[in-house]
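For reference, the structure discussed in these notes is given below.
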Amino acid sequence: MSEWPYGVDGAILLHSFNEEVLPYMSRVRLALVGCGGMSKSHLRRFHAQADRLEVVAAVDIEADKAQIVADAMAQHGVVVRVATDHRDIINDVDAALLVLPHHLHHPVAMDFLRSGKHVLVEKPMAISEAEGIELIAAANTSDVVLMVAYCMRFHPLVTGMKQLIDDGTCGDIFQVSIWTEQLTQYHEGHWGLKKATLGGGQLFSHGCHYIDILLWYLGRPIRGTHLGTNRGTPWMEREGTSNVSLEFEGGRLGYHFGTWGARGTSLGYAFHAHGTDGMIEADIKTGDLRIRRGEQVELVSQHETGKHTEAEMAHFVDCIQTGARPLTDGPGSLQGLRLIWRLYEAEEQGGIADLRGLGLDQVADTGILI
């Protein structure tokens with residue numbers, strides 16, 4: 001594996017993973033494990049990487065869901081094996097994309113990792129610290145890639161904002177705020193309603209994306225608070241609306257507001273980075289990256305809306321073929337989850353969470369967080 005990708009300032013460094021590309025390899029044989037509604041958003045990523053990636057299996061405990069994926073791939077001339085048990089195809093693939101209920105991430109990923117297969121697992125990586133550490137250890141033992149599907153990290157608006165921040169385009173950034181306002185209501189009995197299977201509430205399930213980005217943008221956290229409620233989202237056992245405030249080294253602040261109860265929205269899906277010389281704005285709804293200085297608005301770039309999962313998949317394949325460590329690897333992802341668990345604990349105790357020592361500077365040579 002390549003060297004650990006964290007900089008001395010605590011932020012993950014952007015690497016050009018194509019610099020070490022190995023001689024041409026045969027296409028990576030991939031299994032899609034979990035073929036529910038979310039899996040449909042992943043199909044375009046496969047087509048974009050068709051020269052390096054071959055989807056050979058679709059797995060779901062409900063065979064008809066796996067068949068729908070297989071039929072969709074067949075329209076592009078790709079023959080995909082359908083299975084209801086991932087263990088039936090594990091010896092026929094090189095890698096797996098796991099799109100499963102959160103409580104199943106650990107056991108299924110462990111089966112693939114122990115078999116020497118690369119894994120791209122949907123966020124969050126696991127629902128407990130012990131599970132996360134076990135996944136990291138298994139990947140290191142088998143010397144395979146374990147990557148967490150924080151797709152927003154690869155969104156051109158998000159990476160564009162990171163570049164503007166790092167370049168000092170708007171001076172010294174002192175506040176980054178992220179809003180995600182949507183209506184998400186699962187049907188009765190759905191695994192996403194329960195803490196035991198979701199792993200927490202809206203913050204743990206969806207907000208983990210934005211905790212990851214705040215860490216990436218702002219570095220080492222010092223302290224923070226979380227306030228959540230299921231008022232307005234009574235279908236949720238834990239919070240359906242979440243407010244997170246974080247303080248980082250150097251006095252920078254980060255904020256995330258997320259709700260699954262929005263019956264209307266203005267901000268919708270927006271990132272704001274306030275600096276001493278203006279504000280950087282990423283509007284995920286419109287695809288615009290802007291700079292605002294007083295009444296002046298500069299359009300920096302414009303991008304197609306959507307998740308841009310093809311960039312994430314390209315990075316996964318790059319890491320498999322070059323041995324590079326993923327930008328969204330196991331240790332970094334576990335750090336973000338540790339932050340959320342500390343916020344939850346402090347909330348229950350009515351206090352402020354101490355967010356120092358999350359593991360960023362405690363990585364052993366194996367890459368396992370202490």
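Odds and ends about this structure:
- Matching entry among Gln296, Gln349 (being more than 20 Å from the chain's Cα centre (by Cα), within 27 Å of Gly200 (Cα to Cα), at pLDDT 95 or above and surrounded by fewer than 21 Cβ atoms within 10 Å (Cβ to Cβ)): Gln349
- Any hit, segment 259-278, residues being without any contact (Cβ under 8 Å) to a residue 60 or more places away in the chain, over 30 Å from Lys194 (Cα atoms), surrounded by fewer than 19 Cβ atoms within 10 Å (Cβ to Cβ) and not polar (S, T, N, Q): no
- Segment 175-198, residues that are farther than 25 Å from Thr286 by Cα and aromatic (Phe, Trp, Tyr): Tyr186, Trp191
- Pairs where the first residue, in segment 106-121, is free of Cβ contacts under 8 Å to residues at least 24 places away in the same chain and on the phi > 0 side of the Ramachandran plot and the second is part of a strand (DSSP E or B) and buried (at least 20 other Cβ atoms within 10 Å of the Cβ), C-beta under 9 Å, 6+ apart: none
- Among residues of segment 276-313, those that are on the phi > 0 side of the Ramachandran plot and part of a strand (DSSP E or B), counted: 1
- Considering the conditions (1) surrounded by fewer than 17 Cβ atoms within 10 Å (Cβ to Cβ); (2) touching a Cys at 6+ places or on another chain (Cβ under 9 Å), Gly287 is excluded by exactly one of them, (2).
- Within segment 236-258, the set of residues being without any contact (Cβ under 8 Å) to a residue 60 or more places away in the chain and assigned to a loop (DSSP other than H, G, I, E, B) comprises Met236, Glu237, Arg238, Glu239, Gly240.
- Of residues in segment 124-133 being surrounded by 17 or more Cβ atoms within 10 Å (Cβ to Cβ) and part of a helix (DSSP H, G or I), the one nearest to the chain's Cα centre (by Cα): Gly132
- Selection status of Phe174, touching a His at 6+ places or on another chain (Cβ under 8 Å) and in a helix (DSSP H, G or I): no
- Remark: Thr233 matches the filter, which requires a residue to be assigned to a loop (DSSP other than H, G, I, E, B), crowded, with 17+ Cβ neighbours inside 10 Å and either touching a strand residue (DSSP E or B) at 6+ places or on another chain (Cβ under 6 Å) or at pLDDT 95 or above (or both).
- From the options Ala57, Ala72, Ala50, residue that is more than 18 Å from Asp329 (Cα to Cα), touching a strand residue (DSSP E or B) at 6+ places or on another chain (Cβ under 6 Å) and not basic (Lys, Arg): Ala57
The values are calculated or read from the model by the stated rules, or taken from the named source; none is laboratory data. All values derive from a computational prediction rather than experimental measurement. Here the Cβ is made from the backbone with ideal geometry for all residues, glycine too, and neighbour counts use every protein chain on show.
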